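Notes for the one structure printed next.
The values are calculated or read from the model by the stated rules, or taken from the named source; none is laboratory data. Please read all numbers here as calculations on a predicted model, not as lab measurements. Positions of Cβ are backbone-derived with ideal geometry, glycine not excepted, and every protein chain shown enters the neighbour counts.
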Ligand code: BDR
Ligand code: CA
C-alpha cells in the first residue's frame with residue numbers, strides 16, 4: 001500500500017466539519033497531520049475549542065491544532081450561524097473541552113512550516129473561509145508551488161449560492177482571501193455547491209450513524225438533529241447536503257466525480273454579486289482578469305450513493 005496522503009484540514013467546526021474530520025481520521029488512505037481553525041460557523045475561539053475537543057473525543061490529541069485568524073482579511077466577520085450549526089457550532093449538544101491546548105504557532109505559521117518542510121507532499125483541505133490559507137500564502141510566497149494540492153469546500157460556479165443568490169457561505173465570509181487562494185500556483189480542486197448539494201444523506205442514512213455505537217458516531221448523532229432541522233426548514237430536505245465531507249470523498253474516490261476545469265475569480269465588489277466564484281468558460285474576448293491563473297478543477301457531479309456508503313463505512317470504523 002502506498003503511504004497515506006498527508007492533509008491539513010482548515011476548519012470551522014461546524015456539524016459537517018465534525019463529520020469530515022472523523023471521516024478523514026477513519027480513512028487509512030489519509031494522514032491528518034494538523035487541524036487549523038477559522039471563524040465561520042462559529043468564532044475562531046469556539047472553532048478551536050471544538051477542533052481540540054473533537055480530536056480528544058476521537059482519541060487523536062496527538063494531532064496538533066493551530067488557532068487561525070479571528071477576522072477576514074478586509075471584511076467584517078458577520079458572526080456565528082447558530083441557526084445552522086447551533087450556538088456552540090456543535091448542534092447545541094456541547095462537547096467537553098480537551099485537556100490538550102492549541103499549539104503556540106498560528107494556523108498560517110503551522111501551514112507554512114509544515115508545507116515547506118515537505119515540499120510537494122502536503123494537501124490543504126480548507127472547509128471553512130479561506131483567510132488562513134491566504135495569510136499563509138502572504139507569509140510564504142512560494143507556498144503554492146510547494147503544495148501537492150488544495151482541495152477545498154466552497155464556492156458555487158454554476159449554481160446559486162446558499163447565503164444569497166450569489167454567494168456560498170465559506171467564500172462569503174472572506175471573498176478577498178478566496179480570490180487570493182484561487183490564484184495559488186498548485187493544483188486546486190473546488191468542491192463547491194455545484195457538487196456538494198448533489199451529495200445528500202437522508203434521515204435513514206443518518207439513523208445508521210446513530211446506530212453505530214462508537215464514540216465518534218455517537219457524538220455526530222447528538223449534533224446532527226440541529227443540522228437536519230436547518231435543512232428541513234430552509235431546503236425542504238429529508239436529510240442533509242454533504243458539504244465538507246465531499247472534499248474528503250474526492251481525496252478517497254476521485255473517480256466517483258465529474259468536473260470541468262477553468263480559472264476562477266471571486267467577486268470582491270461591494271454589490272449583490274459579492275463573493276460569487278466566477279469561472280472563466282472562455283466566453284467573450286476580454287478575460288484578462290482570469291489569464292495566467294491555475295485552471296481549477298470544479299467538481300460538478302458525483303455518485304452520491306457510492307460516496308454516502310463510503311462515508312458511512314468509514315464512520316462505522318470509529
Ligand atoms: C459550508 O458552510 C458551512 O456552514 C459548512 O460547514 C460548509 O463548510 C457550506 O456552504
Ligand atoms: Ca465548514
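Mind listing whichever residues of segment 1-24 are closer than 22 Å to residue 150 by Cβ, more than 16 Å from ligand 1 (Cβ to nearest atom) and out of contact with any strand residue (DSSP E or B) (no Cβ under 6 Å at 6 or more places or on another chain)?
Answer for segment 1-24, where residues must be closer than 22 Å to residue 150 by Cβ, more than 16 Å from ligand 1 (Cβ to nearest atom) and out of contact with any strand residue (DSSP E or B) (no Cβ under 6 Å at 6 or more places or on another chain): 2, 3.
Would it be correct to say that residue 31 is outside any loop (DSSP other than H, G, I, E, B), in contact with a strand residue (DSSP E or B) (Cβ under 6 Å, 6 or more places away or on another chain) and at pLDDT 95 or above?
yes
Which residue is farthest from residue 246 (Cα to Cα), if the candidates are limited to segment 282-312 and must be surrounded by 13 or more Cβ atoms within 10 Å (Cβ to Cβ) and free of Cβ contacts under 8 Å to residues at least 60 places away in the same chain?
Looking at the filtered set, the residue picked out is 287.
Could you grab me the full set of residues in segment 238-252 that are within 23 Å of residue 88 (Cβ to Cβ) and either away from ligand 1 (no atom under 14 Å from the Cβ) or in a strand (DSSP E or B) (or both)?
Result: 239, 240, 241.
May I ask you to verify whether residue 195 is within 16 Å of ligand 2 (Cβ to nearest atom), more than 15 Å from residue 277 (Cα to Cα) and surrounded by 24 or more Cβ atoms within 10 Å (Cβ to Cβ)?
no
I need the full set of residues from segment 53-87 which are crowded, with 19+ Cβ neighbours inside 10 Å and within 14 Å of ligand 1 (Cβ to nearest atom), in order please.
Listed by number, the residues that qualify are 54, 80, 81, 84, 85, 86.
For segment 148-192, which positions are more than 15 Å from residue 247 (Cβ to Cβ), within 14 Å of ligand 2 (Cβ to nearest atom) and in a loop (DSSP other than H, G, I, E, B)?
The answer is 162, 163, 174.
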